[in-house]
Structures are given as structure tokens and as C-alpha cells.
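**Q** Questions regarding the structure given below will be posed in turn.
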Amino acid sequence: MAAAASRVRARTADAFYVKVMKETTIDAKRRAVKAAQGRLAEARDRNSGLDDGEVRLLLIKEEMERMAELGKWKDRWLAHPLPSMSEPDRRICWLTDLGDYDEMHAARLYLKATLHPIDRYFMQVRRRLSLAERPIGSASAARRTWYGYSAYQPANLARVLDIFRVFYNYCQPGEDGKTPATRLGLARGPVAPEDILYFVPTAQQRVTENENGQGVQSPCPSGSPTSVSSASTP
């Protein structure tokens, strides 16, 4: 939240709490999704002149009218009318509601609020980084878990996560061909990992950084690229 404070003040970013019922059975998730599909079908029948997106916004607006203030901080939680298998019983609280958006814009924001991008990032961390792999359990070991790939020094896992975070945000495009950095306007397109590993500041950047008292590494000698071995040793 603090990292995006300037964007929140400029009204170019908003923040939400999102909570979902993760610990539930497959059958319960299917029932929730089936009920939501039935509700969506009924709304389509009542509003035959609206397209599917407009019907979804209409359902969100109906839930906005049902919200009530809860707790000491008077939080207002919206029950998302269209749960999915990955996010059953989704609840959303708008943290940066300054009262300056119209109802339709607010409904669009509620419709977009999801934990899916975060879950996708965590999933890739687990699958692509051996140091972050889940512990292994077996019946022969009396259900005790074994962290076979864990780092002996936790600081090494933090370094690997830093590297992966840069790769995920700047190098790996999504289905739309854009990286998270591109969507936020921080990059013009996907960046090749080699361009990051072998990056050498320009002469002007070196002068500016030296004037600011920031240390700058010298360029890599020919045939000797920057080493990242400190992050690859468990």
C-alpha cells in the first residue's frame, strides 16, 4: 500500500482486501459455482437487452447495495456474486474508496478484484524454484515432512526469489503478450534475461550515480559475464 501511495493519491491505482474460502471441499466449490451460474442465467433472462458483461456489472451493483459497515474500522465487504472454482465465496473490501468514483466505475473495480495473479505467481515460484518446493511427506515416515531441497541458508532463498521476481515482472509475458511491468508502463515490452544479466550503465548514468555517491560496478571484462552464483547455491 505504501509503495503505491502516490498513485492512489493521483487516482491511478486502488487497493482491495480479497478473501476466499480456500479450505473447502470440491463438492462445496461446485455447488457455489452452480448457484452463481443459475443466478447469472436468471439475470440474463430479466435483462435480455444487456450483454454478458453488463449483466455481471448489474449483479455487482446489486451486491453493492447490500453492503453494510462491519467492525471497528467500518469495513464494507462485498460478496462477489460470481464465484469460481479457484475462488469460492469471494469477499472484497475496497481500501481506497474516497467517494470520488461513480457507481459504474466502482462496480467495474469490484468485478476485477481477485487473487488470481497472486496465486499464479506463487504457483510458479513453487514449480520453478526447487528451493521453494513444498515439503515431501510419506506414510513410511509416519507422515513427517522432509524439506529435501530447502536452502541451508535462508538468505539464499531470498536471493533466488529476488531474481525470479525480476524475471516474472520483466521477462515473462502473459497470454496477452505483455509482462506485469509492461502493463504498469514500466517497460515497453518483454526484456530478455541476457539484457538484465549483462547490463552495463551508460557513461551518463555512471557520472550521475557517482555524483550521488552511489557505487557502480565496473563493466564485465570481455568474456566474463556478471556472476550470479551466490543465488544458485543452496
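The values are calculated or read from the model by the stated rules, or taken from the named source; none is laboratory data. Model, not experiment: these values are computed from the prediction. Here the Cβ is made from the backbone with ideal geometry for all residues, glycine too, and neighbour counts use every protein chain on show.
**Q** Just need a number here: residues in segment 56-80 that are aliphatic (A, V, I, L, M) and outside any helix (DSSP H, G or I).
**A** Qualifying residue count for the region: 5.
**Q** All but one of (1) at pLDDT 90 or above; (2) of a type outside the set (Val, Ile, Thr); (3) farther than 27 Å from Thr25 by Cβ hold for Leu131, so report the exception by its number.
**A** All conditions are met except number (1).
**Q** For segment 144-159, check the following and say yes or no: at least one residue is closer than 25 Å to Ala4 by Cα, modelled with pLDDT of 65 or more, outside the structural domain of Ala13 (by TED's automatic domain parsing) and out of contact with any Phe, Trp or Tyr (no Cβ under 8 Å at 6 or more places or on another chain).
**A** Within segment 144-159 (the criterion being closer than 25 Å to Ala4 by Cα, modelled with pLDDT of 65 or more, outside the structural domain of Ala13 (by TED's automatic domain parsing) and out of contact with any Phe, Trp or Tyr (no Cβ under 8 Å at 6 or more places or on another chain)), the answer is yes, since at least one residue qualifies.
**Q** Additional query: Pick from segment 152-193 the residues that are in a helix (DSSP H, G or I) and charged (D, E, K, R): which of them is surrounded by the most Cβ atoms within 10 Å (Cβ to Cβ)?
**A** Checked segment 152-193; the qualifying residue surrounded by the most Cβ atoms within 10 Å (Cβ to Cβ) is Arg159.
**Q** Still on this structure: Which of (1) over 22 Å from Tyr121 (Cβ atoms); (2) touching a helix residue (DSSP H, G or I) at 6+ places or on another chain (Cβ under 8 Å); (3) modelled with pLDDT of 60 or more; (4) among the β-branched types (Val, Ile, Thr) does Val166 not meet, given it meets every other one?
**A** It fails just one condition, (1).
**Q** Follow-up. For segment 1-39, how many residues meet the condition of being among the basic types (Lys, Arg) and either assigned by TED's automatic domain parsing to the domain that holds Gly185 or closer than 21 Å to Pro117 by Cα (or both)? Reasoning before the result, please.
**A** Of segment 1-39, the ones among the basic types (Lys, Arg) are 7, 9, 11, 19, 22, 29-31, 34, 39.
Filter again for either assigned by TED's automatic domain parsing to the domain that holds Gly185 or closer than 21 Å to Pro117 by Cα (or both), leaving 7, 19, 22, 29.
Of the residues in segment 1-39, 4 are among the basic types (Lys, Arg) and either assigned by TED's automatic domain parsing to the domain that holds Gly185 or closer than 21 Å to Pro117 by Cα (or both).
**Q** Quick one: which of Asp102, Asp119 is modelled with pLDDT of 90 or more and outside the structural domain of Val55 (by TED's automatic domain parsing)? Explain how you work it out, then say what you get.
**A** Working: Asp102 fails: outside the structural domain of Val55 (by TED's automatic domain parsing).
Answer to the selection: Asp119.
**Q** Which one is nearest to the chain's Cα centre (by Cα) among residues in segment 1-55 that are surrounded by 10 or more Cβ atoms within 10 Å (Cβ to Cβ), β-branched (Val, Ile, Thr) and in a helix (DSSP H, G or I)?
**A** Val8
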